[in-house]
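Below is one structure, written out as structure tokens; the observations come after it.
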Amino acid sequence: MDISRAAAGLFMRNGLRATRAEDIARAAGVAPRTFYRYFATKEESLGPIFAAGSQKWAEAVRAAPAQLPVPEALRHAIVATLTPGVGVRPESLDWVRALLRLAEENPALLRVWGEACQTAERTLAGVLAARAVAARSVVTRSVVTRAVATTEASPTPSLPPAPTPSPKLRLTAATASAAVRVAVEAWAATDDASDGSDGPVALALRHLEALHDFPWSAE
């Protein structure tokens, strides 16, 4: 991550073309061979920063109150991670804007961004699968509690582990991820304020609202 931050700073100050891997290594205080131990190219060095931001949103869905249905958990995560001064520092959003603009001009860097988003999408699919299991376990505990109240003994049910995300859950995760990713990318392409009516939070929430007929259930 230290190397990634150094790369981001150099890219924004000097531009992608003028920045060499050796420059990034020097700025991060490591030898060039250390740089290449982690990254094959200078563009790949932004992977940790891109991944940290995209994974943060997926993990916020995991942390959303268990009783929230999927669309509400998604909204909760958007507000928790993209609101300036709450879930993210305003200067961090400035970095996001600058780096995504660079990515739009460079196919190799855009690929790094896409890979980070795809990894976060897989994380979100697993999170949704776990939330579905947790929701079923609440129902099961309720049934067992009622059964115990009417019988002297009742076996403790074994709950299944979080399953491999089904195709439907993967589609749900992909749809939700795209709604947020497109919102952030669209905002980054403009000069709109990050906390305004066309900021990333407002855009992402509108994208989810536009998908109100999507079957969000995590079953």
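The values are calculated or read from the model by the stated rules, or taken from the named source; none is laboratory data. Just so you know, these numbers come straight off a predicted model, no measurement behind them. So basically every Cβ, Gly included, is an ideal-geometry build from the backbone, and we count neighbours across all protein chains shown. Side chains are part of the model used for accessible areas, which takes the heavy atoms of the whole protein and leaves out ligands, DNA and RNA. Shrake-Rupley method; radii C 1.70, N 1.55, O 1.52, S 1.80 Å.
For this structure, a couple of remarks:
- Some residue of the stretch 179-200 being open to solvent by 60 Å² or more (accessible area, probe 1.4 Å), charged (D, E, K, R) and within 23 Å of residue 124 (Cα to Cα): yes
- Of residues in the stretch 94-139 being in contact with a helix residue (DSSP H, G or I) (Cβ under 9 Å, 6 or more places away or on another chain) and among the hydroxyl-bearing types (Ser, Thr, Tyr), the one least open to solvent (accessible area, probe 1.4 Å): 123
- When each of 4, 54 is tested for being touching a helix residue (DSSP H, G or I) at 6+ places or on another chain (Cβ under 8 Å), modelled with pLDDT under 95 and not charged (D, E, K, R), the lone residue that passes is 54.
- Within the stretch 9-16, none of the residues are under 18 Å from the mean Cα position of the chain (by Cα), open to solvent by less than 70 Å² (accessible area, probe 1.4 Å), under 28 Å from residue 105 (Cα atoms) and modelled with pLDDT under 95.
- Residue 77 vs. criteria aliphatic (A, V, I, L, M), open to solvent by less than 30 Å² (accessible area, probe 1.4 Å) and within 13 Å of residue 200 (Cβ to Cβ): yes
- Count of the stretch 29-48 residues which are open to solvent by less than 40 Å² (accessible area, probe 1.4 Å) and under 29 Å from residue 121 (Cβ atoms): 7
- The set of residues in the stretch 21-53 that are within 19 Å of residue 100 (Cβ to Cβ) and of a type in the set (Asp, Glu) comprises 43, 44.
- A search for C-beta distances below 6 Å between a residue of the stretch 119-130 that is within 11 Å of residue 164 (Cβ to Cβ) and in a helix (DSSP H, G or I) and any residue that is open to solvent by less than 40 Å² (accessible area, probe 1.4 Å) and small (Gly, Ala, Ser), counting only pairs 6+ apart in sequence or on different chains, returns 125/173.
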